[in-house]
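See below for the structure under consideration.
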Ligand SMILES: Nc1nc2c(ncn2[C@@H]2O[C@H](COP(=O)(O)OP(=O)(O)OP(=O)(O)O)[C@@H](O)[C@H]2O)c(=O)[nH]1
Ligand SMILES: [Mg+2]
């Protein structure tokens, strides 16, 4: 994929404020601090198009980015960060569920897992929704640079067991190295093409 333009469009919490469904779209989901924003920046080869932070839980809206006027990438709010106010925690479920249910242009969700962490209830909940709404899912294990090669298989096996996902289905990724970069782009391209070929996208609005 040659990224010519990558432009921040808007942030939203509810469908009325999402951008038009003119382009196929890929969203990135996972717990707070797992590396969603870093992954998007890496894929786009932009240092800080998407804000990353050492203070997890800061991205509390859905952030939409337009790539090449061809497709959208969406940075979804993370979950599971203890210091976030209860009101924000409660808003997360309906916000994500509604998005997954309603977004007709959604081609796939990249589901991120930190190689050092055991998936928890929210991770499983998210997988249930993806299945319920028939959203194609691309499972990725991130931060693989944090563990040595011999440890990788052990962690991969555990994450596969807890999620029920086939170990061979995961892309192993690092935002620090280039590992997993080509594999992930290939999967995104396949998903985007599939979305365009299965069902026409809704007509763009006459006025934007
Ligand atoms: N070593 C290493 N660190 C990473 C990697 N990806 C992300 N990080 C670091 O992990 C921290 C969190 O990354 P973010 O990309 O902000 O995580 P996020 O999932 O967007 O977090 P929220 O926006 O809070 O949901 C940052 O300090 C990143 O530099 C990786 O592949 N390897
Ligand atoms: Mg983020």
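The values are calculated or read from the model by the stated rules, or taken from the named source; none is laboratory data. Just so it is clear, the model here is predicted, and its values are computed rather than measured. So basically every Cβ, Gly included, is an ideal-geometry build from the backbone, and we count neighbours across all protein chains shown.
Being in contact with a helix residue (DSSP H, G or I) (Cβ under 6 Å, 6 or more places away or on another chain), under 18 Å from residue 12 (Cβ atoms) and surrounded by fewer than 22 Cβ atoms within 10 Å (Cβ to Cβ) is a condition met by at least one residue of the range 101-111. Counting the residues of the range 1-46 that are more than 15 Å from ligand 1 (Cβ to nearest atom), surrounded by fewer than 17 Cβ atoms within 10 Å (Cβ to Cβ) and assigned to a strand (DSSP E or B) gives 3.
Given the options 110, 162, 135, 147, name the one that is within 24 Å of residue 80 (Cα to Cα) and within 16 Å of ligand 2 (Cβ to nearest atom). After applying the criteria, what remains is 110.
Does residue 108 satisfy the condition of being more than 12 Å from ligand 1 (Cβ to nearest atom) and assigned to a strand (DSSP E or B)?
Details: more than 12 Å from ligand 1 (Cβ to nearest atom): yes; assigned to a strand (DSSP E or B): yes.
Yes.
Which residue out of 105, 54, 87, 48 is away from ligand 2 (no atom under 15 Å from the Cβ) and either at pLDDT below 90 or farther than 23 Å from residue 194 by Cα (or both)? Of the residues listed, the single one that is away from ligand 2 (no atom under 15 Å from the Cβ) and either at pLDDT below 90 or farther than 23 Å from residue 194 by Cα (or both) is 87.
When residues in the range 117-144 are screened for being under 17 Å from residue 172 (Cα atoms) and either touching a strand residue (DSSP E or B) at 6+ places or on another chain (Cβ under 8 Å) or loosely packed, with under 14 Cβ neighbours inside 10 Å (or both), 10 of them pass.
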